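Participant: One structure is given below, represented as structure tokens, and several questions about it will come after.
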Amino acid sequence: MAMITAALMMLQLSSAPVQAAPVAEAETASVERVLDAMHAAASKADGEAYFASFTADGRFIGTDATERWSLPEFRAYAMPYFSQGKGWTYRPSGRVVTIAPIDCRCVAWFDEVLDNDAYGTTRGSGVLRLTEDGWKIDQYVLSFAVPNDRASAVVDAIKAD
């Protein structure tokens with residue numbers, strides 16, 4: 001009888017995370033929609049929609065070591081391109097979103113693998129915050145994915161400049 005009781009308790013405990021999964025999936029899906037909308041807006045050169053994805057004090061960190069843009073700085077850089085219909089297209093091919101395990105459930109971080117026609121495989125990562133207007137990007141980091149076996153050659157090329 002003790003074995004049956006123990007087995008039932010284990011079954012009950014193991015089912016708890018499954019019950020929480022739909023809530024977690026809904027939360028991460030909301031974050032993913034913001035990231036997808038941001039990428040779609042960039043691809044369509046829709047500057048207003050693109051920058052609406054960010055918090056007012058958001059940051060964009062680009063691939064160059066000098067690129068740490070405040071939102072107003074990045075807007076000033078990007079809007080002339082967007083106004084000419086020139087955007088950029090990064091297609092997500094994999095993404096992991098984590099909602100911070102804090103009571104407010106108001107902070108999320110992510111990493112994603114992206115495909116770009118010019119640069120090939122790249123990576124995006126960052127942080128979102130749940131605001132009164134929904135999830136907004138606080139920080140986005142775009143980086144080049146360098147295969148380990150080519151890293152020395154890439155570093156040597158950068159040092160040669």
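Participant: Could you give the angle, 0 to 90 degrees to the nearest 10, between helix 151-160's Cα long axis and the longest principal axis of the Cα atoms of the chain?
Facilitator: 30
Participant: Also: Based on the alpha carbons, how large is the Rg to Rh ratio for the chain when Rh follows Kirkwood?
Facilitator: 1.13
Participant: Compute the distribution of all C-alpha to C-alpha distances in region 94-161, in bins of 5 Å from 0, and list the percent of pairs in each, rounded to whole numbers.
Facilitator: For region 94-161, the binned pair fractions read 4, 14, 18, 18, 15, 11, 9, 6, 4, 1 percent.
Participant: Let me ask something else. From the phi angles alone, apply the Karplus equation (6.51, -1.76, 1.60; θ = phi - 60°) to region 130-136 and give each ³J(HN,Hα) in whole Hz, x where the residue is Gly or Pro.
Facilitator: 7, 10, 4, 9, x, 5, 9
Participant: So what J values fall out for region 77-84 if you push phi through Karplus, 6.51 cos²θ - 1.76 cosθ + 1.60 with θ = phi - 60°, rounded to Hz, Gly and Pro as x?
Facilitator: Running phi through 6.51 cos²θ - 1.76 cosθ + 1.60 with θ = phi - 60° gives 6, 7, 4, x, 5, 4, 5, 8 Hz.
Participant: Let me ask something else about it. Fewest to most neighbouring Cβ within 10 Å: what's the order for LEU71, LEU114?
Facilitator: Arranged by neighbour count, lowest to highest, LEU71, LEU114 become LEU71, LEU114.
Participant: Follow-up. Could you work out how far apart the two model spin labels at TRP109 and ARG150 are, taking each label as a point 7 Å from the Cα in the direction of the beta carbon, and quote it in nm?
Facilitator: Output for this residue pair reads 2.7 nm.
Participant: Relative to the longest principal Cα axis of the chain, at what angle does helix 2-43 sit, 0 to 90 degrees, rounded to 10?
Facilitator: 20
FYI, it's all coordinate maths here, none of it is from the lab. On a predicted model such as this, the values are computed, not experimentally measured, just so you know. With ideal geometry, Cβ positions are generated from the backbone for all residues, glycine too; neighbour counts draw on all protein chains shown.
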